[in-house]
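Written below as structure tokens is the structure these notes are about.
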Amino acid sequence: MPAISATAPGKVILLGEHAVVYGQPAIAVPVFQVRARAMVFPAPDKPAGWVYVQAPDIGVDALLAELREEDPLRVAVRQVINQTGVEPLPALTLRVTSTIPVASGLGSGAAVAVAVIRALAEYLGYRLPEEIVSDLAFEVEKIHHGTPSGIDNSVVTYARPIYFERDPVGGGKRLEIFSPGRSLTLVIGDSGIPSPTARAVAKVREAWKADPQCYDRIFQKIGEIVRMARQAIEAGDLPALGSLMSQNHELLIEMGVSREEINQLVNTALSSGAWGAKLSGAGLGGNMIALVAEEKADDLASALIKSGAVRTFITRIDERAARVDIQK
Ligand code: PMV
């Protein structure tokens, strides 16, 4: 069998993080400047079931069977075995590389899972539909934090802007792929402070349990902002979208998931002419995003670096995405 390779992009959450775990809608977009890649190579001189995993970015260089049962790479491979029924696997080496910073809200865990699932399934002769790839990656996301909303695996699989909602009780989901009425330019600023999603999600859950009324009110306000933002994006009203992003950021501060370094980057973005800015992803570190006119993006990126960002990405989301509704 020839070697097979598959990739998946990074992502940012434009609006609605955390509230999405509690049933509110959220919007996420792919970030093509960073990617995870999985490659599968045959190992013809090894017996069936021999699977070797190399992931140099995270220091993994071992037989699959030597990884912890709940290691995300092992769980991703297990999903493909369960889905395809191919067991034992033909002897192979799985190599995983990624340019997506880890634990920074750019969807590295979901992108690695999607790339591995796609590459391995393809290697075994199965072209899985996007929906199945996303569902299998969702199972891997549960390792990263127990109660994922499913937004990360969805946006990374479809690699299009998505409007996403999941019923936290019934599990039903609504996923719409939609197009902006005008291209969006985002500057992403990395605080350089790693923050595992699980920690921030657990912090919000504790706070919600301690004061459900207060937190449900915050989640509902965010839900309203996201619904308005969807209209602003489709209408191409970028100043309105920016203002909604900044309002979302204030609610994330209230929720307790921002921090001084992120707030400073957000303030720098706003004083450098961004239409709006907010933290993006789980928070407590990681990335912030700013919505800006394309011609101002380079200057804004430099201002963010001066203000403490360790790196920046400029990404553009254009109008070409076809609209598709998927409900389950
Ligand atoms: O993985 P991150 O940092 O982009 O965070 C995911 C978004 C959350 O809403 C915080 C969690 C989730 O599962 O939706």
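The values are calculated or read from the model by the stated rules, or taken from the named source; none is laboratory data. Worth saying up front: this structure is predicted, and the values here are computed from it rather than measured. Note that each Cβ is placed from the backbone with ideal geometry, even for glycine, and that neighbours are counted across all protein chains shown. The area values use the complete protein model at the heavy-atom level, side chains included, leaving out ligands, DNA and RNA. Shrake-Rupley method; radii C 1.70, N 1.55, O 1.52, S 1.80 Å.
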The ³J(HN,Hα) series, computed from each phi in the stretch 213-227 with the Karplus coefficients 6.51, -1.76 and 1.60 at θ = phi - 60°, rounded to the nearest Hz and given as x for glycine or proline, is 4, 4, 6, 4, 5, 4, 4, 5, 4, 5, x, 5, 4, 5, 4
So what is the relative contact order for the chain, in percent, with contacts set as C-alpha pairs under 8 Å and at least six apart?
22 percent
quick note, the chain, DSSP beta bridge pairs, % antiparallel (nearest 5) is 95 percent
Applying the Karplus parametrisation 6.51 cos²θ - 1.76 cosθ + 1.60 with θ = phi - 60° to the phi angles of the stretch 73-85, what ³J(HN,Hα) value in whole Hz is obtained for each residue in order, glycine and proline being reported as x?
5, 5, 5, 4, 5, 4, 4, 5, 4, 4, 6, 8, x
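Restricting to DSSP H runs of at least four residues, report the calculated mean residue ellipticity at 222 nm for the chain, -39500 (n - 2.57) per run over all residues, nearest 500 deg cm²/dmol.
-13000 deg cm²/dmol
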So what's the gap between the Cα centers of the stretch 17-66 and the stretch 128-200, to the nearest angstrom?
15 Å
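With a/c under 1.5 counting as rounded, go ahead and sort the chain into rounded, prolate or oblate using the C-alpha gyration tensor (a ≥ b ≥ c being the square roots of the eigenvalues; past the cut-off, prolate if a/b is larger than b/c, else oblate).
Numbers: a/c = 1.79, a/b = 1.66, b/c = 1.08.
Judged from the Cα gyration tensor, the chain comes out prolate (a/c at least 1.5, a/b above b/c).
Leaving ligands, DNA and RNA out of it, report the carbon-plus-sulfur percent of the accessible area of the chain at a 1.4 Å probe. Don't skip to the end; give the middle numbers.
Working: 6750 of 13310 Å².
Heavy-atom surface of the chain belonging to carbon and sulfur, 1.4 Å probe: 51 percent.
With viscosity set to 1.567 mPa s and temperature to 4 °C, compute the Stokes-Einstein D of the stretch 197-279, Rh being the Kirkwood radius across alpha carbon pairs; µm²/s, no decimals.
Numbers: Rh = 13.6 Å.
Rounded, D is 95 µm²/s.
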On a 0 to 90 degree scale, rounded to 10, what angle separates helix 260-271 from the longest Cα axis of the chain?
60 degrees
With θ taken as phi - 60° and the coefficients 6.51, -1.76 and 1.60, list the Karplus ³J(HN,Hα) couplings across the stretch 231-238 in order, rounded to whole Hz; mark glycine and proline as x.
5, 4, 5, 5, 7, x, 8, 6
Distant-in-sequence amide H partners of residue 14 (H built 1.01 Å from N, under 5 Å):
27, 28, 29
Taking amide H positions as placed 1.01 Å from N in the peptide plane, with prolines and chain starts having none, which residues 5 or more places from residue 287, or on another chain, fall under 5 Å of its amide H?
191, 280
In the stretch 45-171, what % of DSSP beta bridges are antiparallel (nearest 5)?
50 percent
Using amide H atoms built 1.01 Å from N in the peptide plane, name the residues 5+ places from residue 89, or on other chains, whose amide H lies under 5 Å from its own.
49
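Suppose R0 equals 56 Å. What FRET efficiency, 1/(1 + (r/R0)^6) with r the Cβ-Cβ distance, do residue 270 and residue 43 give to the nearest 0.05?
Numbers: r = 53 Å, r/R0 = 0.96.
With R0 = 56 Å, the Cβ-Cβ based efficiency is 0.55.
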Whole-percent tail of the Cα-Cα distance distribution for the stretch 44-182, cut at 26 Å, equals 25 percent
Calculate how steeply helix 297-306 sits against the longest principal axis of the alpha-carbon atoms of the chain, using the helix alpha-carbon long axis, and give the answer as 0 to 90 degrees to the nearest 10.
90 degrees
Once both axes come from the Cα atoms, what is the angle between helix 130-144 and the longest principal axis of the chain, in degrees from 0 to 90, rounded to 10?
80 degrees
Name the residue, out of 49, 308, 283, whose mean-square fluctuation peaks in a Gaussian network model built on the chain with Cα pairs under 10 Å.
49
Roughly speaking, what is the stretch gain from residue 206 to residue 224, that is 0.36 nm per residue apart minus the C-alpha to C-alpha distance, in nm to one decimal?
4.1 nm
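Given a 1.4 Å probe, how much area per residue of the chain is accessible, in Å²? Working shown, then result.
Details: 13310 Å² over 328 residues.
Solvent-accessible surface per residue comes out at 41 Å².
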